[in-house]
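J.: Below you will find the structure I want to go over with you.
Nothing in this text is a laboratory measurement; each read-out follows from the coordinates by a stated rule. Every value quoted in this text rests on a predicted model; they were computed, and no experiment measured them.
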Amino acid sequence: MTHRAFAFNRFRASRDPCRLGSASLPCVPIPARCVHTTMSAMRVDTKVVMLGKESVGKTSLVERYVHHRFLVGPYQNTIGAAFVAKPIQVGDKVVTLGIWDTAGSERYEAMSRIYYRGARAAVVCYDLTDSSSFQRARFWVKELQNCEEHCKIYLCGTKNDLVQADRGLRQIDFHDAQDFAEEIGAQLYETSSKTGNNVDELFQRIAEEYSDSAFQYMSNEAGVDLSQKKDSYFYSCCHNN
């Protein structure tokens, strides 16, 4: 088994991986080679899904953010999906992100659709050194727009350390990606899982925007004065979805 296989503990079949966020998803069999962290009693506030072509570095991005490490050695593609929960400080609150790292291979598209149902945020990844991965990112954006219109999209160009070391390797122009991000109303980040550049910033932004939208939702639904009821309504929104 490779280093990547040890990145997550195997998912316990007695726990339901499909009840996250506001959606209740149908469970599907998960291949034995698919590895997961054990889902504990930790409550997940919002569901985040990682999407993109295989080998763009989705798993490495999660590894860097959650475990602050960059794994080297033989590469093993994700099969099905892997899950990890990560608490993050937002002001005086803690928001727990439930992050689903999905398979990038086209043959697992149907399974990936199951995992992004009910997601509040999607990190759509592409490899800055692979032009075809950007086209694949466009595909996933279209899928989300058609199926999960309330899911906020974050575009993520990976392997920025490679193009910084050799600009000739860059195949996706930053301005082209920025234009696409503006077109779809997304945030754009260029990251490096090797150096950690922009990785924490990406997930911090996701947590902050979720926190802001949670307060806005409660304000619209209940017409409350959030300056007076901030603590109690934050808890209600984030822990009863």
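J.: Take the alpha-carbon positions of region 139-197, form their convex hull, and give its projected area averaged over all directions (one quarter of the hull surface) in nm².
T.: Here the figure is 4.5 nm², rounded to one decimal.
J.: Here's another thing I want to ask about it. On a 18 Å Cα-Cα criterion, which of the cross-link pairs 58/159; 47/152; 86/194; 159/194; 58/86 come out too long?
T.: 86/194
J.: May I ask for the Kirkwood hydrodynamic radius of region 100-198, worked out over all distinct Cα pairs and given in angstroms to one decimal?
T.: Taking every pair of different Cα atoms in region 100-198, averaging 1/r and inverting gives 14.0 Å.
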